[in-house]
Each structure stands twice: as structure tokens, then as C-alpha cells.
Amino acid sequence: MVRTKVAVCVLTLTLAGIASAQPRPVVERIQPTSGPPGTQLQIIGRRLGNARIFLGNQELQVLQRLPNRWTVVVPANAPSGSILIRTRRGEFAGPYFRVTAARPGPQITGLQPASGPPGSEVRILGSNFSPRIADNIVFLNDRPVVVRSATPTSLQVIVPSGATSGSFTVRVLHAGETVSPPFAVGLGTGITSVEPPMAPVGATVVIRGTGFSPRIRDNRVYLNNRRVRVRGATPTELTVIVPRRATTGTLLVDVRGAGRANSSIPFTVQERPLIRDFAPASGPPGTMVVIRGQNFGADPRAVRVSLAGRPLPVRAVVPDHIDVEIPPGVRTGPFEVSIHGLTVSSRGRFVPAQPLELYSFEPRSGGAGTIVTFRGRGFSPRPQDNVVTLSGVGCQVISATQSELRVRVPSAPSGAFTIQSGQSATTTRQPFGSTTPPFIASFDPRSGPVGTLVTIRGSNFGHRPGLVRVEMGRQPLAVQSASDSQIQVVIPPGARRGRIAVTVGMQGGAVTPEDFVVEAHRQVSSLTPSVGYAGTQVVIRGQGFPRRGARIAFTGAPPVAAQRISPVELRAQVPARATTGPVTIVLPNGRTMPAGTFQVQAVPAGTAITTVSPQCAYPGCRATLVGYGFSPNQRFNRVRFNGRPVPVEAATPTTLQIVLPDHPGNGRFEVIVRRGGTGQSPPFMILRR
């Protein structure tokens, strides 16, 4: 017995501990904070768990439980007060909710009108409706009804599609519901056809259907949201006028008190047709002519085309072109196109042609690109209307009259020409002999002195050197060797700059796309100094140095750019990896010239500025200080000119890139290297701008 009492005591203490350990519920807010009985109340909070919700002594029905939001209903006769949360841990008070008086029930006194088709608007008259549209729920025979507007005394609704006769039911939130007198659903407004389905601005259009009013002013018609004037009305037919600035779109008929309807197929506003051009411009009877433009439509029955007043057979119509056939006996004149009463004329005139005949053509042979002239009659004066082929390959027609054609021959085998103009065609009796002229792809080098061996590469040079002739500026060049893809020639004494022309027998000729530049004789006279360390500036003197692109190659290092002072002087700086050995000038064409030998010495101890190389001598110009003992970290080099600091932009152990200071005058540059030495430059003058 004692053991049983002990167990009960332990269990009671345990349950009390569990209850005390449960977290306290938290109510953050309620929405709304007031309302009549029946209001759905949102309780937003945390840790509600399995709580029960009370308002006074009335427990609230829970409609929905979400982790942080509960929905409850305020019951009838509930008092105002704080929301109470009851849990196993106890009772907790939440925000205050004020219970207001219940709304009076809605009442319906009448319907305006009392009948109408689906889609029509009905005004429900009465009292105690909600001015908020969403608070009014309306049904017609259990079919939901759209509410367009709401006031306390009226609701504007739309009869739904498929509705049947019956009463409207109006349910107002928190106020109850009411039922209207019977409403008769009649035959709706509908559009069965539009004739014609396409017409220009100002045209008369007939809309056929049902539910129209015989009173013109009761029928409102819109085309793509633009009002359309109604000229006549019957219950099944409306006569309207296509308005100005109308665009293609849906026709809408809105009948006052009856309903509205849309056309099932968009009505097309026929814009004024436009003729841009036509082809061919000339041809014999039977020629098919394409008239190009816009706004032609797609119905051949609505299109009328005539030439000089005579109707033409229309073979095809699409919105951007019309195909017509030229009948016998027509005269020269413009084309006239008429669509739904809108008529336009072409600017050009079609010229009926005689049957095509060819008298002669010349020349009788040539390579691709040769211009051949044909003489005869019946050609079209428009070049693009004449089709010329050589052995089945199309030729470019350059110019045309009714009696002459000039065409450019393509790359094609020898054979006969075929000429077609309109529906007529003819073929030359004599073949045209196609030749294959030589082609120059490149030549190398592009420049050099007298005696330079030039290699010309390309194709169709042949295999007989005796048939190859090479000239430059009308001066023959000696052919050293020749094959079908390569020719080698020598630049002779007295040659001048010019293009190189290659002629091969009867096949034709070709010319290089660029000039060969005859250069002066090049030689090097001196290299000074010939001894020094990396960073030393050397001067190479001689003659015939190129204007640009020359480089200097020191032994053991990549070539460096050369500064051309004049045609007889080049300067360069000995690179860091240079070793003792020959110095070579590398020309722009890749050829080289020996320039002597340079002995590389070890960099002297200490710090010194040996030369100053400016881009110009004015303040703000960039310059290079050449010497030794500099730090490769530009921040470790301080430069002054006449005691004033000079900015350092880049640094190597032998060069410093600086900007000349804004203090003109004569002086010396001084460099102070951190953890290094100090050095001065030779005198230097900064000019005044």
C-alpha cells in the first residue's frame, strides 16, 4: 500500500513537471479587431498547440489550424472582451476583440430589367447590400454571377453564360441572404456573319446575327475598341461604316438591355494597296509578271489588274505580290491594281517585247570576269529580267536594252550561252571558249634592293617557263624558275617601285595586289659603343635603314625594337639577358643584316644614370633613365630633378620610366635607391611650352 502511494505521488510530480515545461503560447495579433457575430477571426501567433479559444465564456469554433495562424468564428451572443487561450498549463489572455451589432439582412425590391440574354447587365435593387463587391455573393439558379459594382441599395451584375430563368440569390457577408423575384433569361445577342469580311475605311459592312435592337441608338458597335457608326438596324442585321483610322480586329456589338457579342473571326481593314515594282519590265505574250507591293490581300476574286486599260488574267494573289499573265495584243503602259474599290497604278511601264532573237556576241573567248556583249532583239531593258547562263552556270547581267546585253562571264567550262527573257529563250550557235588566267595569291619579300629574289605564289602559271612573262612598271624581270604554282624573279638594276604583272601565253594575266618596294642599298658602318653592360644604349650607323619595324638582335636575348633616328642611324638598348657576341639587324621582311660585335661587361657596382631618353623635352612627356643599380620595385627608387620629386611609373635594374616635371630649365636627374646607392644623370634641359 505504501509503495502504491509513492508511485502515484511520483507520477503526479512528473506530469506537473511536464506541464510546467510546456512553452507558453504567444498571440501576436488578431485580424480583424472588431466585427459582428459570424465574423471569421484570424489569430496570428506561436506555440498554440492544442489550445482552446474563448471569448468571454463562449468557446470559438476553429475552422482552420495552421502552424502560426488559426481561423475561428465569433458565435452569436458572444460578448466583447480579450481572446483567451486555454491550455493544460493554464489560461492566457490575448488582444481585445469588440463584438459589434449584427448587420441587418439584405432585401431585394426589384430587378431592372426583369429579363435578358446571357451577357446582359441586370441591376438588383434593394437594401442592406455591402458596398464592398467581394462581400456580396450572387447566384442565378445556383450559377455564380459576376458583380460589377455595389452600393448599399443596388448591385450591378452580368447574366452568366448558360444561365436559365429563375431567381437571383444574394448572400451578404455577416448579414444573411435573400431571394429576388423570377428573372427570365432570353435569347442572347450573337453575330453569325460579317459581309464583306474585309473592306477599306469608309466602306459599308453588314453584320448579321440575333438579338439586335431595331432602334439604331440602342446598338453600339466597336471595331478593335474604336466606335463604329451604325447606319441601319433590324433585329437580325446591322449596317455600319468602317471608321477612319480603324485597324484590323474583333467586331463587338453591345445592345442596350440585351447583351453583347463578339465576331468569331477578326474583321480585316483593307489598307490602300501599294505597288513597289514589277518584274520583268518587258516580255512577249505569255510572260508571267510578278507585281510586288503590299496590302493585296489573299482573295483573287477581289483583285482586278489591267495594263493600259486592258484586264489581265490574275494567276495568284498573296499580301505582298500578284502574279499576272501578259495576253496578246496589249500595249505599253502602267499596271493598275484595284481591290475593293481602291485603285493604284505602278510608276513604271511594262513594254511588250518582240520574240527573242540573237544576232551576235563578242568576244568569243576569255576567262572568268570577261565582259561579253550580245546583240539582237527582244531583250528586257531591265537587267534582272534577263537570265544568261554559260554551260549551265549563271552570268551577271551588267546592262540591258531591248537590242543589247552586256554580261560578266563566270568561272565555267567552255560551251554555249543560253539567254532567257520573259517566256522566250535562245541559245548561241557558236560556243564560248573559257580560258583560265593566272592567279597571284602572294609574293615574298614585299620589298628589297636591286638583286632581290622574289617568289610569286599562286595558280595557273603553267609548266612552260617560255610562255611566262613578268614585268614591274613595264620593266621585264628575269624569270629564274617557274611552275604552275610558283615563279621566282630577280629585281633588275634601275627598277622602281610598282606592282608585278604576270602574263601566261593566251590564258591572260594577273597583277599583285600590292607594290614591290625597291629599297636603297643597305649596309652598316659602325656600332658604338661596342663594349658595355645590360641597359647600355648603342648607336648603329649605316644607310638604307627602314622607316619602321626594324629590330636589333643581341646574342643570347630576343630581338628588341630599334629606334630609327634617321635613314643612317638606329638606336637600341642592350637587353638584360644579352651576352657577348654578334649583333644583327632584323628587317621587317625577316631578312637580317650583320651590325658588328658587342662585348657585354658585368654591371658596375653602385648606382648611376648614364643616359636620358625622352619622348619629347616638354613638361608631362615620358622619358627613360638608363643606368644601373636601380631597384626593380618602382617604389624603392626616388627621382629628383633640381631637387624636385619626379614620379616613377615603371622600373627595371637598368631603366626607370618617368614623367618630366612641370619645372622647365637645365639640371640633372638624381636617383636615390632604398638600400642601394645614389646617382646623377648628365645635364638635361626641360623646355618651356
Q. When the Cα centres of the stretch 356-381 and the stretch 579-593 are compared, how far apart do they sit, in Å?
A. 59 Å
Q: Can you tell me the relative contact order of the stretch 550-689? Whole percent, Cα pairs under 8 Å, sequence separation 6 or more.
A: 19 percent
Q | Cα gyration tensor category, rounded, prolate or oblate, for the chain with a/c compared to 1.5 | A | oblate
Q. By its C-alpha gyration tensor, with a ≥ b ≥ c as the square roots of the eigenvalues, how is the stretch 40-176 shaped: rounded for a/c under 1.5, else prolate for a/b larger than b/c, else oblate?
A. prolate
Q) When only Cα pairs under 8 Å and 6 or more residues apart are kept, what is the percent relative contact order across the stretch 381-514? A) 18 percent
Q. For the stretch 146-230, what is the accessible area per residue in Å², given a 1.4 Å probe and the full set of protein chains?
A. 50 Å²
Q) Hey, any idea what % of the stretch 398-480's accessible area is carbon plus sulfur with a 1.4 Å probe? A) 46 percent
**Q.** Surface share of carbon and sulfur [accessible, 1.4 angstrom probe, percent] for the stretch 507-616
**A.** 52 percent
**Q.** the chain: angle of helix 2-21 to the longest principal axis, Cα-based, in degrees nearest 10
**A.** 60 degrees
Q: Over the stretch 99-149, with every protein chain in place, what whole percent of the accessible area is carbon and sulfur at 1.4 Å, could you tell me?
A: 50 percent
Q. In whole Å, how far is the Cα centre of the stretch 164-180 from that of the stretch 249-288?
A. 49 Å
Q.
Just to be sure I understand: of the beta bridges DSSP finds with both ends in the chain, what percent are antiparallel, rounded to 5?
A. 95 percent
Q | Chain lengthening between Arg65 and Ser264 when straightened (0.36 nm per residue, less Cα-Cα) | A | 66.8 nm
**Q.** the chain - mean residue ellipticity at 222 nm from DSSP helices (-39,500 (n - 2.57) per run, n ≥ 4, rounded to 500)
**A.** -1000 deg cm²/dmol
Q. Roughly how many Å² is the accessible area per residue of the stretch 257-408, as a whole number, for a 1.4 Å probe?
A. 48 Å²
Q: For the stretch 379-426, report the convex hull volume of the alpha-carbon atoms normalised per residue, in Å³, without decimals.
A: 65 Å³
Q. Over the chain, what is the mean sequence separation of C-alpha contacts under 8 Å (at least six apart), divided by residue count, expressed as relative contact order in percent?
A. 5 percent
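The values are calculated or read from the model by the stated rules, or taken from the named source; none is laboratory data. Source: prediction; values computed, not measured. In case anyone asks, the SASA skips ligands and DNA or RNA and just uses the protein heavy atoms, side chains included. Shrake-Rupley method; radii C 1.70, N 1.55, O 1.52, S 1.80 Å.
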